[in-house]
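Notes follow the structure.
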Amino acid sequence: MPKMATKAADNVFYKARIAAASWNDRLGSREGASEVTGIDRTRLANIELGTINPHPEEVLMLSDTYNAPELQNHFCSHLCPLGIGTISPIELEELERVTLQLISAMKSLPEVKDGIIDIAADGVIDAKEKPRMEQYLEVLDEITNKAQTLKLIYRKQFGKQEV
């Protein structure tokens with residue numbers, strides 16, 4: 001059993017490697033992970049310690065090797081300058097919970113659809129319509145986030161197959 005890293009214990013890349021070590025012993029150490037991924041052991045340590053950000057190609061490599069598609073979302077939503085403001089973070093949750101949350105959010109879709117049609121009918125979102133539109137966008141964001149979470153769960157279970 002590999003020794004637990006105390007400084008990197010909360011790092012998402014470290015946690016993914018340790019989780020992957022349960023089915024691939026070589027990933028139990030940074031040395032072994034380095035051999036499997038081709039990423040230098042010292043660089044891997046610095047990524048896990050949070051002292052450097054990984055390159056996108058490294059995130060893809062680690063995500064594939066560790067079967068951890070959540071690393072891609074983490075990178076885009078927390079580390080990528082372009083993604084920070086545009087990509088919502090996704091947390092892996094239980095399938096049942098995500099499904100129920102998605103269905104619950106989708107119940108309001110008819111109202112959202114009608115409201116957006118009403119707002120967009122004149123081609124302009126005026127100041128009076130702005131708060132309603134923001135509410136509708138929040139509902140759509142929640143639905144999008146839950147749908148992306150379901151895709152992440154699927155990819156985690158079945159690998160890189162496109163959904």
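No lab work stands behind these numbers, since they all come straight from the coordinates. Computed from a prediction, not measured in an experiment: that's the story for all the values here. Neighbour counts run over all protein chains shown; Cβ positions are idealised from the backbone, glycine included.
Packing here is the average count of other Cβ atoms within 10 Å per residue, and on that basis the peptides 127-138, 59-70, highest first, run 59-70, 127-138. A simple rule links phi to the HN-Hα coupling: the Karplus curve 6.51 cos²θ - 1.76 cosθ + 1.60 with θ = phi - 60°, which for region 68-78 gives 10, x, 5, 5, 5, 5, 4, 4, 5, 8, 10 Hz, with x for Gly and Pro.
Taking other residues whose beta carbon is less than 15 angstrom from the beta carbon of I117, and scoring Lys, Arg as +1 and Asp, Glu as -1, yields -3.
The calculated 222 nm mean residue ellipticity attributable to helices in the chain amounts to -18000 deg cm²/dmol, summing -39500 (n - 2.57) over DSSP H runs of n ≥ 4 and dividing by all residues.
Near E129: Cβ cut-off under 12 Å, other residues only, Lys/Arg at +1 and Asp/Glu at -1. The net charge is -1. Of the DSSP H helices in the chain, not one has a Cα length along its own long axis of 24 Å or more together with a mean Kyte-Doolittle hydropathy reaching 0.5. Rounded to the nearest 20 debye, the dipole magnitude of the chain is 620 debye, with +1 charges on Lys and Arg beta carbons, -1 on Asp and Glu beta carbons, and the Cα centre as origin.
Electrostatic tally near L152: other residues with Cβ closer than 11 Å to its Cβ, Lys and Arg +1, Asp and Glu -1, net +1. When only the Cβ of Lys, Arg, Asp and Glu is charged (+1, +1, -1, -1), the dipole of region 12-79 relative to its Cα centre reaches about 160 debye. Across the options C80, G115, A45, the greatest Cα extent toward the positive end of the charge dipole of region 1-125 (unit charges at beta carbon of Lys, Arg, Asp, Glu) belongs to A45.
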